[in-house]
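Read the figures in this text as sums done on the coordinates, not as results from a lab. Because the structure is a prediction, the values reported are computed rather than measured. Every residue, glycine as well, gets a Cβ built from its backbone with ideal geometry; the counts of neighbours run over all protein chains shown.
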Amino acid sequence: MCSGVRTAGRCGVWSVAVLAAAVAWGAQGESVNQLLARLKHRDPAQRLYAVRRLAASKDPAAAEPLVKALGDTDATVREESARALGELGDKRAVEPLLAALKHKSIPLRAAAADGLGALGDPRAVQGLVELLGSAEQAQKAAVAALAKIGAPAVEPLVAALGSNDAAVPPRAAEALGAIGDKRAVEPLLQTLKKADRRTRCAAATALGTLGDTRAVKPLIDTLRTKPRGARPFMPIRFDPRVPAAQALGALGDKQAVPALKAAARDRNRKLAKAAAAALKAIEAKP
């Protein structure tokens, strides 16, 4: 008997073949009731097919069965059910997906974040901000989801810049840059001055994305400040000067040219390359 759609060998191949055959034979024309019946099939490939077709159906009757599928015995079915609930667009899925953010499975947490991002409901913000301290896969999904939710996430993310969890502030800065709300500029400028190197890098990148000229002078100061531990020819991990140069190139302000020219001559190749590229970007602007 097949134990899941990820099963290797003949059994797994057979499950995939069943799924492919269903599509080839026109099963996409099945009614919602027929798909719900497939959702109870013993073969995970059949259940997975049903999940995906139910998501595309946009039928409200699929919401409750898909919520139940979050507890499926197969990991892939669980994860796809979380994403399907987002695609379905039914706000009844918000609370179950928030609960899934705390599941022991990292891929399911990430999938739940994907679903919540698709729903765009502000109720998800706090749970997604908390997920910024999770494993990398879940962090990235949370950032993307918060960016989709947008403005309601700005204030909680600004607060998260001060988190004691080292993983959270850089991801919060990344999300603020992705949202593009100018309310984040001043908090990011403060972060650029005071935070650890990784968070300062994220703040510099976000400021370049936000495109606010208030960031020009602080970014120039960052570019001119050699971080502790930096050595010629040996790029350190998370050197704020590099994203500062990139951000200045994105902002395109000619005030940055002298500092960028100096950085372009630096023996640190990564910094010099970023500064040279920024100079070209500024020169190309009308």
### Task
Kindly indicate whether any position in the range 57-77 is of a type outside the set (Lys, Arg), crowded, with 24+ Cβ neighbours inside 10 Å, under 15 Å from Ala141 (Cβ atoms) and out of contact with any strand residue (DSSP E or B) (no Cβ under 6 Å at 6 or more places or on another chain).
no
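Could you pull out the residue among Thr225, Thr213, Thr209, Thr191 that is in contact (Cβ under 8 Å) with a residue 24 or more places away in the chain, farther than 26 Å from Ala145 by Cα and of a type in the set (Ser, Thr, Tyr)?
Thr213
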### Message
Checking the conditions here, which among Ala195, Ala204, Ala215, Ala184 is surrounded by fewer than 24 Cβ atoms within 10 Å (Cβ to Cβ) and aliphatic (A, V, I, L, M)?
### Response
Ala195
### Matching entry among Ala215, Ala172, Ala178, Ala244 (being closer than 28 Å to Ala113 by Cα, part of a helix (DSSP H, G or I) and touching a Leu at 6+ places or on another chain (Cβ under 6 Å))
Ala172
### Task
Report whether or not Ala203 is more than 25 Å from Ala82 (Cβ to Cβ) and not basic (Lys, Arg).
yes
### Query
When the range 51-64 is examined, which residues are found to be assigned to a helix (DSSP H, G or I) and within 27 Å of the chain's Cα centre (by Cα)?
Val51, Arg52, Arg53, Leu54, Ala55, Ala56, Ser57, Ala62, Ala63, Glu64
### Query
Taking the range 222-279 as the region of interest, how many residues are in contact with a strand residue (DSSP E or B) (Cβ under 8 Å, 6 or more places away or on another chain) and either closer than 19 Å to Leu210 by Cβ or loosely packed, with under 15 Cβ neighbours inside 10 Å (or both)?
0
### Summary
Counting only residues that are among the basic types (Lys, Arg), closer than 14 Å to Ala55 by Cα and in contact with a Leu (Cβ under 6 Å, 6 or more places away or on another chain), the range 68-113 contains a total of 1
